[in-house]
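One structure is given here, and the rest of the page talks about it.
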Amino acid sequence: MAANARGEGPEVPKIVWNESQKRFETEDKKAYLQYELRDGGKVMDIVHTFVPTSKRGLGLASHLCVSAFTHAKSHSMSVIPTCSYVSDTFLPRNPSWKSVSYSMDPKSNI
Ligand code: COA
């Protein structure tokens, strides 16, 4: 990942929680992760992730997912990875977040 202009190391994009639109997004709103709330707000179903073509392949979607999973964990929510980026790329590459994923088996959510 690119260093910033002063060479201070990897640049981490600022991700903002947009509660009214149920999104985690970049400040310019061009990249976002969209979710729906299920089970009375206890479950975050990530339905879509979008990054503009010019910014793909730099880990931006991964940063969006980390923000969403961190939020879900800190609010004792579980996550349904409906979006294929989350289920097929983010979780296999970041298996520690699987503990926050929704499971039909109550034993594995302890
Ligand atoms: N499903 C699963 N994985 C996908 C994917 C998809 N639809 N599209 C791309 N990926 C993988 C790529 O294989 C890539 O792997 P690589 O690192 O080996 O090249 C990896 O995502 C890139 O990761 P990252 O840099 O964190 O993602 P990104 O910032 O480039 O954004 C998407 C990834 C999917 C959000 C972006 O490509 C996009 O907006 N696509 C159009 C919308 C879409 O298909 N969204 C996902 C389904 S809801």
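Here T89 meets each of (1) farther than 18 Å from E25 by Cβ; (2) surrounded by 15 or more Cβ atoms within 10 Å (Cβ to Cβ); (3) more than 13 Å from the ligand (Cβ to nearest atom) with one exception, condition (3). Against the numbered list (1) part of a loop (DSSP other than H, G, I, E, B); (2) away from the ligand (no atom under 13 Å from the Cβ); (3) among the small types (G, A, S), G57 comes up short only at (2).
Checked against (1) assigned to a loop (DSSP other than H, G, I, E, B); (2) modelled with pLDDT of 95 or more; (3) within 12 Å of the ligand (Cβ to nearest atom), M1 passes all but a single condition, namely (2). The single condition among (1) surrounded by 12 or more Cβ atoms within 10 Å (Cβ to Cβ); (2) over 10 Å from the mean Cα position of the chain (by Cα) that S74 does not satisfy is (1). Taken together, the criteria place H48 among residues that are surrounded by 14 or more Cβ atoms within 10 Å (Cβ to Cβ), at pLDDT 95 or above and not in a helix (DSSP H, G or I). Filtering segment 34-72 to residues that are without any contact (Cβ under 8 Å) to a residue 40 or more places away in the chain, touching a helix residue (DSSP H, G or I) at 6+ places or on another chain (Cβ under 6 Å) and among the aliphatic types (A, V, I, L, M) leaves M44, V51, A61, A72. Can we say L33 is within 21 Å of N94 (Cα to Cα), part of a loop (DSSP other than H, G, I, E, B), at pLDDT 95 or above and within 9 Å of the ligand (Cβ to nearest atom)? Here the answer is no, as L33 does not meet what is asked. Regarding S78, is this residue at pLDDT 95 or above and out of contact with any strand residue (DSSP E or B) (no Cβ under 9 Å at 6 or more places or on another chain)? No. Return yes or no: is V79 near the ligand (Cβ under 10 Å from one of its atoms) and not in a helix (DSSP H, G or I)? No, not satisfied.
The values are calculated or read from the model by the stated rules, or taken from the named source; none is laboratory data. Being a predicted model, the structure only gives us computed values, none of them experimental. Don't worry about glycine lacking a Cβ; one is built from the backbone with ideal geometry, like all the others, and counts go over all protein chains shown.
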